[in-house]
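Below: the structure, in structure tokens.
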Amino acid sequence: MNDTSHSEVRTEDSFDVERVHSWLAKQVDGLSEPVPEVVQFTGGASNLTYLLRYPDLGKELILRRPPAGKKATSAHDMAREYRVQEALKPVYPLVPAVRALCQDPSVIGSDFYVMDKVPGLILRGRLPHDMYLPSTAARTLSEAFVDTLTDLHQVDPAATGLADLGKGDGYVRRQVEGWTRRYAQARTWNTPSFRRVTAWLADHQPDDVSTCVIHNDWRLDNLVLDETDLHVTGVLDWEMATLGDPLMDLGSALAYWVQADDHRIAQAIRRQPSHLPGMLTRAEIVERYCDRMGLPADNWPFYETFGLFRLAAIAQQIYYRYHHKQTRNPAFRNLWLAVNYLDHRCRSVIRRSTRN
């Protein structure tokens, strides 16, 4: 990946490289001495991701492992993430090829897995300094953002062996209840209660529109792009993939989609270049997605509010670890401000929907 957002491994996230190499060499053919060079990707805020470089072999692999500190009970399941990618790869080729899963705690103290590195470009909050994206290319890229998601949502779970990945009907209800509980458990003194928002979500939740494979963390910076024409060559970060309601997946994705006319606080926390001239707006994305999927957008304020609340809960879980000194990653210091802002956004959507 042509991604410069990596650095030396933070002390709190380090592991025994020789032990990992010794284990990995028994799982992957052709890995010989010396041990790999290791750098840590800094873009993620959940599972930890490392690049393993074998310069003498011309080979690069990616290692994924959970963070230290307090975690949600069902989060950071490396075996599940590995299984999802392994099952999806034959029918959804954009999934990176996984190579080995380690569930022996004596290696690094936690489960981890290794996969191939997908070559290409990952766009973060700002474009690379030497890159210009014309408005026509930005529009094409944002259309691909939508279309690649609809392609995933049209995968037959039974054909992949993932029919048991989710819990069946009732996904919307479980998500509202689950994220309400998780936010309450992670709340700190400097963040809002979200009681009005969660009560509204509970009172206005629709039935599931369908059940399909959903990614649950769909963002531009989880897409790998061809460096020549920017078509999508890979989709990363399958940690939260499951079977669920596709409009819930879209609502969660658009919580990250900061457009050009959004508030300056939204611009400050933006993680992808969705604000550039030519990019589809959130409303245009919803229209294109629903047209391709044949789904109604009548209840969109619910999905929009849920996506924003869910993002707030994710940010709060991460901030909880920083607040309680379970991590010292400075990128997490001001997440409490983002949580307060997202509460305001949720209330604004609710007010608009009530007026309409």
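The values are calculated or read from the model by the stated rules, or taken from the named source; none is laboratory data. Just so it is clear, the structure is predicted and the values come from calculations on it, not from any experiment. Cβ coordinates were reconstructed from backbone atoms using ideal geometry, including for glycine residues, and neighbour counts include every protein chain displayed. The accessibility values were calculated without ligands, DNA or RNA, using every heavy atom of the protein model including side chains. Shrake-Rupley method; radii C 1.70, N 1.55, O 1.52, S 1.80 Å.
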**Item:** trypsin sites (Lys or Arg not before Pro) lying in DSSP loop within the range 167-220, provided at most 14 other Cβ fall within 10 Å
**Value:** LYS167
**Fill in**
Computed on Cα atoms, the radius of gyration and Dmax of the range 256-356 in angstrom are 15.5, 47
**Prompt:** With point charges of +1 on the Cβ of Lys and Arg and -1 on the Cβ of Asp and Glu, referenced to the Cα centre of the chain, which listed residue (LEU220, VAL39, ASN329) lies farthest in the positive direction of the dipole?
**Reply:** ASN329
**Request:** Would you mind computing the Rg to Rh ratio of the range 11-156 from its alpha-carbon coordinates, Kirkwood style for Rh?
**Result:** 1.00
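Please give the contour-minus-distance gain from GLU177 to HIS204: 0.36 nm per residue of separation, less the Cα-Cα distance, rounded to one decimal in nm. Don't skip to the end; give the middle numbers.
Values: separation 27, 0.36 × 27 = 9.72 nm, distance 1.28 nm.
So the extension gain works out to 8.4 nm.
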**Request:** Compare the Cα positions of GLY30, GLN85, LEU280 along the charge dipole of the chain (+1 at Cβ of Lys, Arg; -1 at Cβ of Asp, Glu; about the Cα centre) and return the one farthest towards the positive end.
**Result:** LEU280
**Accessible area per residue in Å² at 1.4 Å probe, computed on the chain** = 45 Å²
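Set the Förster distance to 35 Å, then compute FRET efficiency between ARG292 and ARG195 from the Cβ-Cβ distance, nearest 0.05.
0.45
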**Message:** Just to be sure I understand: of the beta bridges DSSP finds with both ends in the chain, what percent are antiparallel, rounded to 5?
**Reply:** 95 percent
**Asked** Roughly how many nanometres apart are two label points built 7 Å out from the Cα toward the Cβ at GLN27 and SER353?
**Response** 4.2 nm
**Request:** Give me the percent of the accessible area of the chain that comes from carbon and sulfur atoms, probe 1.4 Å, all protein chains in place.
**Result:** 48 percent
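What is the magnitude of the charge dipole of the range 203-356 about its Cα centre, with +1 placed on the Cβ of each Lys and Arg, -1 on the Cβ of each Asp and Glu, and no other charges, expressed in debye to the nearest 20? The partial results should precede the final answer.
Details: 17 positive and 20 negative charges, 206 e Å.
In total the dipole reaches around 1000 debye.
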**Request:** State the label only: which of (i) 4, 17, 22, 25, 18, 10, 3, 0; (ii) 6, 25, 31, 20, 8, 3, 3, 2, 1, 0, 0; (iii) 5, 24, 34, 27, 9, 1, 0 corresponds to P(r) over Cα pairs in 10 Å bins from 0, in percent computed from the shown model?
**Result:** (iii)
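Counting only helical runs of four or more DSSP H residues, what would the 222 nm mean residue ellipticity of the chain come to if each run contributes -39,500 (n - 2.57) and the total is spread over all its residues?
Working: 12 runs with 144 residues, N = 356.
The helix contribution divided over the chain gives -12500 deg cm²/dmol.
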**Asked** Residues in the range 9-26 near a label at LEU57, defined as backbone nitrogen under 14 Å from the 7 Å Cα→Cβ point?
**Response** 18-26
**Asked** For the range 123-131, what does the Karplus curve 6.51 cos²θ - 1.76 cosθ + 1.60, with θ = phi - 60°, yield as ³J(HN,Hα) per residue in whole Hz, taken in order and with x for Gly and Pro?
**Response** 8, 9, x, 10, 5, x, 4, 9, 10
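Can you work out the FRET efficiency for the pair ASP261 and ASP164, with r the C-beta to C-beta distance and R0 = 30 Å, to the nearest 0.05?
Numbers: r = 43 Å, r/R0 = 1.44.
So, using R0 = 30 Å, E works out to roughly 0.10.
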**Asked** Using a simple charge model, +1 on the beta-carbon of Lys and Arg, -1 on the beta-carbon of Asp and Glu, nothing else, what dipole does the chain show about its Cα centre, in debye to the nearest 20?
**Response** 1760 debye
**Message:** Need one number: convex hull volume per residue for the range 124-204, Cα atoms only, in Å³.
**Reply:** 212 Å³
